[in-house]
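What follows is one structure encoded as structure tokens, with my remarks underneath.
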Amino acid sequence: MIEILNISFLVFVMIWITSLPIISFFKNKKFLKFFSTIEKNTINLSFLLNFFLIISFFEVNFSLIFYILLFLPLINIFFVSKINLNTQHIVLFFIILILSTSISSALVLEWDAASVWIYRVKNFFYGNSFFNLPNIPGVVSYPHLGTYVWSFFWHNSFFDAEYTGRIFYIFSYSLSILIIINFTKNDFLEKLILTLLLFTISLDYYLLSGYQEYLVFSYLIFIFYFYEKYINYQNIIFLIPVGLFINVIIWIKNEATFFVLFFFLFVCFQHFINKLRARNELIILFFIFIISVSIKYHLFYSFFDVINSGWQGYRINNYSKFIQLNYFFDRSFPIILSIIIALVKCKTYLVFFLVVILLYNKKNNNYIKPFLFFLIINIIFIFLIYYFANDPAWKHYMATTVDRLLFQISGIFLIPITFYLKDLIKFKN
């Protein structure tokens, strides 16, 4: 019972501290009416994560930071008449509580978590900063932000148990699902069923055992979601969380840099098929992304003398081999088979393919085409990773990573799935 109370406390805290007053400063702006409660929490989360990124380069007192974050939402009282605990928060709280209770009963850290990520967590848990990472076991070129937040909530838990920090991963995941649904009192039962469906097809308990995949999964959803809001309302304010989450996600996993790059290709393709003019703010956003990546690579190279380039020991094969038929067939068949198996294994893709079939030649098929394009370029990217690899163990790495690479981008396809199902069900709101 005490453990359940501790989990409940942490879940409440995560919802509470993402009710920071940032969004309240805009209360007199007309665009605020477009923000749901979950959207406000998500925007505040983008600021909070960038704050965590900044302080991760310093040795700070976690307890002091925690108390400050608990206090800050009280400032909302001066900007809004009252602080409401509404339907969205209640649903969010109980979903996180249920999932968190599940991981608390299966305290297992899987391979990458046990060999790499947990050492980074302990590095921050014991008061060290980003610059101490070369002094711990693991791969130094891996980013650190996910483990920093993990250690923060572990440190501020009533229980000295590492899983308490991983509740934040469930918080991010649950928030990403609910923001797609736009949970309100209208059509409550229908939206609850749709919510359970999205959790059913996207939930993988194995990846909640210390992997960083769910953070990339969630923050990619936020990037695409707020970009779509920007397209619909043509208000630059929606690009702020897009830019903030882009900066955050590249510090979670190295491959996320490519996923963001492909997001911009998605944007270009969407503009092309819909005959839209490229807007200056999107070009500026792309250059901000380039600057963020450059800063990250500069820090890792300057202080750790490493370049983020795939798994440890990854090298590109001799170029002359790429055009040899034997090499092509020996590599291509197992890679393609592995990708197909991973797509089938992830239930989200099966539902997405069904949606593609149903929307084919429909009047709104231009909505689905950019998502299909995004999937294709990611599959090509994954194919090339292993096709170019000069490593005798490339098949081993492929067998253990392809499904996780595809999982990280799978959340994006919940957006068109939900779009189609909402249209099918004909929600009142």
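Brief remarks follow.
- Residues that are buried (at least 17 other Cβ atoms within 10 Å of the Cβ) and under 21 Å from Leu10 (Cα atoms), drawn from region 97-116: Leu97, Leu99, Ser100, Ile103, Ser104, Leu109
- Restricting the search to helices (runs of 4 or more DSSP H) fully inside region 156-264 and requiring at least 2 residues that are farther than 23 Å from Leu99 by Cβ gives 213-233, 239-249.
- Single residue of Leu196, Leu178 found to be buried (at least 21 other Cβ atoms within 10 Å of the Cβ) and not small (Gly, Ala, Ser): Leu178
- Some residue of region 387-401 being more than 30 Å from Lys229 (Cβ to Cβ) and in contact with a Ser or Thr (Cβ under 6 Å, 6 or more places away or on another chain): yes
- Residues that are within 28 Å of Thr42 (Cα to Cα), surrounded by 21 or more Cβ atoms within 10 Å (Cβ to Cβ) and of a type outside the set (Val, Ile, Thr) within region 117-137 comprise Trp117, Arg120, Asn123, Phe124, Phe130, listed in sequence order.
- Exclusive hit being outside the structural domain of Pro416 (by TED's automatic domain parsing) and under 15 Å from Ile15 (Cα atoms), set Leu197, Leu203, Leu189, Leu175: Leu175
- Region 181-233, residues that are among the aliphatic types (A, V, I, L, M) and within 30 Å of Tyr119 (Cβ to Cβ): Leu203, Leu207, Leu208, Leu215, Val216, Leu220, Ile221, Ile223
- Condition check for Ser209: modelled with pLDDT of 95 or more, among the hydroxyl-bearing types (Ser, Thr, Tyr) and in the same structural domain as Lys40 (by TED's automatic domain parsing): no
- Given (1) in the same structural domain as Leu48 (by TED's automatic domain parsing); (2) of a type outside the set (Ser, Thr, Tyr); (3) more than 16 Å from Leu405 (Cα to Cα), index of the condition Phe303 fails: (1)
- Exactly one residue out of Leu107, Leu99 is at pLDDT below 95 and over 20 Å from the mean Cα position of the chain (by Cα), and it is Leu107.
- Any hit, region 79-90, residues being surrounded by 17 or more Cβ atoms within 10 Å (Cβ to Cβ), modelled with pLDDT of 95 or more and either part of a helix (DSSP H, G or I) or aliphatic (A, V, I, L, M) (or both): no
- From the list Leu337, Leu325, Leu359, the lone residue that is under 28 Å from Cys268 (Cβ atoms) and either modelled with pLDDT of 95 or more or not polar (S, T, N, Q) (or both) is Leu359.
- Pairing residues of region 278-301 that are within 14 Å of Pro143 (Cβ to Cβ) with residues that are of a type in the set (Ser, Thr, Tyr) and outside any helix (DSSP H, G or I), at Cβ distances under 7 Å and at least 6 apart in sequence or on separate chains, gives Phe300/Ser141.
- Residues of region 220-246 that are closer than 18 Å to Gln408 by Cβ and touching a residue at least 60 places away in the same chain (Cβ under 8 Å): Leu220, Ile221, Phe222, Phe224, Tyr225, Phe245.
The values are calculated or read from the model by the stated rules, or taken from the named source; none is laboratory data. Every value quoted in this text rests on a predicted model; they were computed, and no experiment measured them. With ideal geometry, Cβ positions are generated from the backbone for all residues, glycine too; neighbour counts draw on all protein chains shown.
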